[in-house]
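For reference, the structure is listed below as structure tokens.
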Amino acid sequence: MTKKDSKKITVIDNPNEAEILSSADYSFFSMLWSRFRRHKLAIVGLILMTMMIILAIIAPLFDIITGYPEKHTGLDKKMPPFSRPGVTVNIKADDWQNPEKWKSEYGSGYKFWFTNDEDPTLTGYGEPNTNTLNNPKYREYYDFNLKPFGSIDLLQKEVVFDDITLEQEDKGYSEFFTGGYARIKRYNQTGEIITYAPPFEAPDTSLVKTTTGETPREDDLGPAPMHVLGTDGSGHDILVRLAWGARISLIIAISVVLLTAFIGIVLGALAGFNGAFVDALFMRVIELMYSIPMLPIYMVLSKFMGGSLLFLILIFTVTGWTGMARMTRNYFLSLKKQEYAEAARAIGASPARIMFKHLLPNSLTPIIVGMTLSIGGIIISESSLSFLGFGINPITTTTWGGMLYEANGYIMDQPWPAVFSGLMIFITVLASNFLGDGLRDALDPRMKV
Amino acid sequence: MEKEVILDVKNLRTYFYTSDGVVPAVEDVSIQIHKGETLGIVGESGCGKSQTMLSVMRLIQEPPGKIVSGEILFHGENLLKIPVNKMRRIRGANISMIFQEPMTSLNPVYQVGDQIAESLTLHQGLRGWDLGYRVKSWGMFWTWLGMLPFSFLAPVRENARNLKKKLSRLKVETPAWQRTAELLKDVGISDAERRLSNYPFEMSGGMRQRVMIAMAMSCNPEILIADEATTALDVTIQAQILELMKALKRKYGMAIALITHNLAVVAEMSDNIAVMYAGKIVEYGDAMSLFKTPMHPYTWGLLHSIPRVDEPRTDGKLPTIEGMVPNPYNLPVGCKFHPRCFRATQKCKEIEPTLDTVNGRQVRCWNMITEGGN
């Protein structure tokens, strides 16, 4: 005996209760939902898609929560996930030149962020090197044993960083959970800043010293927010950018899907319902558009028109309505022969009324499924266009494809910007496909799940 | 006393231009429909009886079909000459049609009440479901929200239920729905108010056919064309539907054009009968006398191939009409029926007979069966 057979039969005494039950059980949407719910992957897809939409909607909140606005470019570049940026410690030039005083004040063995504006490769943290500190040759810049970001071992020897290319050093990513490190803002003799400050407001020296006057440990330092997913090559926070990228990707995908559906349905309905000349004309146009390789066209057009959001939506719509039109046309060709279409004509309904009131709701099932499934395709196209550098301008607008494009240069060394943006594209496309599959199974009465 | 002629079809020709050749589906057909009377149109499949009536409604698929010539006078106005939008106003309002397949003739996505009300909305401007549109969309929003599996959404579900009730009240209060409920009662559906919001799949075949009739009847048409309206139903339901149509005919005084290949149905319902063969009328006259004394061999054959309970049983085979319906692309020369006719002569093979009037009946035959000749 299967589970279904053992279903209990409830006897309903109260007629009102019966009415409520029947209206609940036989409503179209509740039946749809109950069938949809059985499809586990579809539920996963629905949840993921909803999360993406919520992410896109609350993207501005991420600016506030993380403290790193979308356009913020820090000096903490290519930081791995869960890393905190350095904490600023302002050290006056006098103190700097007096390492003993400096050491007594901040403690020995303390690590500091070391950044240099002129040479971005000189980013890392290090300890004071007493040898070089006293060497006037290195006094201005190279006072630290620098540990390049991500490497396991300190560079022990006294180094002249001009000669170092960090890429050559061994790299490991054991330091994912780096605590708060001090960042030094250095002044030279005339009070100019040599080594540069981080972009956010950070505790000054008074905060570094605890209230009890004890030497602060690493953990006590700095409330600087964590870069949960790290930073990319420009110092943007990746998490924040992903949220903003979701916005753009979903705006493009949803508006293109709606626009192509609108155009495709209208043209496909006209072609399928009228048949003959109109049908032949539209089908030839569609075949013509299918035969044009679209990627070069996108590239050339976006090069000339400039990559703006509206332009991208426009171009995807202009080239993307063909699939929907063809599908609608096929359904209308078979549906217009249905008896209820004839019956509608016999009660004096106009062709437009028959098309859009009688036939369209009947062909809406495959249209909805097709729309859901095409979301993934549009996101892929948009991303690949951006990845090739022909999409929306990555400097002004954050997109997932644009992030991939930027991460392309250092994908072997710092893979996380590429990984996370790629993962977002992957998840969204997968979610839209799961959702489409689930909708198809739930909406198609012939498929008994 | 001759009743008023509502519909006068004169020399109608409807041809289908297919890639294989021209099919004369309707060839020189002239019929009259009188006020409050029933005209039965009988014939084998493909004899053009449906196409004649579709031509009257101007519902011929064009292309490949085309009404080549003839006149269709409805109250003296030629329906073939009037513009399309005027024709659209006549369809459903003055001439309406019931189709053969009750299972597929109703749109599966609309409630039956909406479908009946559509005709009223189109022709009489009675507003139906659209009045409750705002309530409907909000109700849908709350219903969807309430489907989320959270217990704290219980008030949302309650709200959705209330809106649904409000919507049903709103709907029932509109004139279109009241008239629709009245129509459903007329066609013998019990609990009409509740049935209005049923979808077609919730109804049986007989009920759907009743809904179809209600749809056709909604604007009190002068002519109701029933295109094999009872063919798909079982005999009990068939009898009920025919009885219903008779009752409605008496109540509203409309004329019925009954297209069927079931002679029993015609015998029960019709005042006049037109027998068609290969696109042409072969015999046309008063029902009683036609059944009593068929003059065309084809009619004779049809009537004699029905087994009768009131006649003594014979051991021989049941008489049939030999042969098959002629290929429409390649019709025989002369009388179209002569290859199957037991009275065929050389003249029949060469010259097409004309439609002659004998004793008030039109017969297309050279050797018609008369009282003495039989």
| said: Given the criterion buried (at least 17 other Cβ atoms within 10 Å of the Cβ), more than 28 Å from B:Ser305 (Cβ to Cβ) and within 9 Å of chain A (Cβ to nearest Cβ), identify the matching residue among B:Asn85, B:Asn107. | reply: B:Asn107
| Search result, residues across region B:119-162 that are part of a helix (DSSP H, G or I), crowded, with 16+ Cβ neighbours inside 10 Å, at pLDDT below 80 and away from chain A (no Cβ under 12 Å) | B:Leu131, B:Gly132, B:Val135, B:Lys136
| query | Can you find a residue in region B:64-80 that is in a loop (DSSP other than H, G, I, E, B) and either modelled with pLDDT of 90 or more or in contact with a helix residue (DSSP H, G or I) (Cβ under 9 Å, 6 or more places away or on another chain) (or both)? | reply | yes
| task | Keeping to region A:413-447, report how many residues are surrounded by 23 or more Cβ atoms within 10 Å (Cβ to Cβ) and outside any helix (DSSP H, G or I). | result | 1
| request: Could you please find all residues in region A:269-320 being within 25 Å of B:Glu62 (Cβ to Cβ) and touching a Phe, Trp or Tyr at 6+ places or on another chain (Cβ under 8 Å)? | output: A:Ala269, A:Leu270, A:Ala271, A:Gly272, A:Phe273
| message | Being at the interface with chain B (Cβ under 7 Å from one of its Cβ atoms) and under 15 Å from A:Ala269 (Cα atoms) is the filter here; which residues of region A:342-362 pass it? | response | A:Ser350, A:His358, A:Pro361, A:Asn362
| task | Report the residue count in region B:23-49 for those that are of a type in the set (A, V, I, L, M, F, W, C) and either without any contact (Cβ under 8 Å) to a residue 40 or more places away in the chain or not in a strand (DSSP E or B) (or both). | result | 1
| query | Does region A:365-375 include one or more residues that are aliphatic (A, V, I, L, M), within 14 Å of chain B (Cβ to nearest Cβ) and within 23 Å of A:Ala271 (Cβ to Cβ)? | reply | yes
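For region A:315-354, give me the residue count where each residue is small (Gly, Ala, Ser), touching a residue at least 12 places away in the same chain (Cβ under 8 Å) and over 28 Å from A:Ser374 (Cβ atoms).
1
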| message | Please pick out the residue among B:Ile95, B:Ile41, B:Ile116, B:Ile67 that is out of contact with any Gly (no Cβ under 7 Å at 6 or more places or on another chain), away from chain A (no Cβ under 14 Å) and crowded, with 24+ Cβ neighbours inside 10 Å. | response | B:Ile41
| note | When (1) at the interface with chain B (Cβ under 10 Å from one of its Cβ atoms); (2) at pLDDT 90 or above are applied to A:Thr328, the one that fails is (1)
| remark: Among (1) loosely packed, with under 14 Cβ neighbours inside 10 Å; (2) over 24 Å from B:Gly21 (Cα atoms), B:Asn327 falls short only on (2)
| query | Which condition breaks for A:Glu339 when tested against (1) of a type in the set (D, E, K, R); (2) more than 20 Å from A:Gly264 (Cβ to Cβ); (3) away from chain B (no Cβ under 14 Å)? | reply | (3)
| field | Residue within region B:351-368 that is in a strand (DSSP E or B), in contact with a Lys or Arg (Cβ under 7 Å, 6 or more places away or on another chain) and not hydroxyl-bearing (Ser, Thr, Tyr) present | value | yes
| said: I'd like the full set of residues that are charged (D, E, K, R) and either part of a loop (DSSP other than H, G, I, E, B) or under 15 Å from B:Ala264 (Cα atoms) (or both), limited to region B:285-316. | reply: B:Lys292, B:Arg308, B:Asp310, B:Glu311, B:Arg313, B:Asp315
| query | among the small types (Gly, Ala, Ser), at pLDDT below 90 and either assigned to a helix (DSSP H, G or I) or surrounded by fewer than 19 Cβ atoms within 10 Å (Cβ to Cβ) (or both) - does that describe any residue in region A:353-369? | reply | yes
| Considering only residues of region B:215-270 that are part of a strand (DSSP E or B) and β-branched (Val, Ile, Thr), which is nearest to B:Leu120 (Cα to Cα)? | B:Ile223
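The values are calculated or read from the model by the stated rules, or taken from the named source; none is laboratory data. What you see is a predicted model, and the numbers here were worked out from it, not measured in a lab. All Cβ positions, glycine included, derive from the backbone under ideal geometry; neighbour counts span all protein chains shown.
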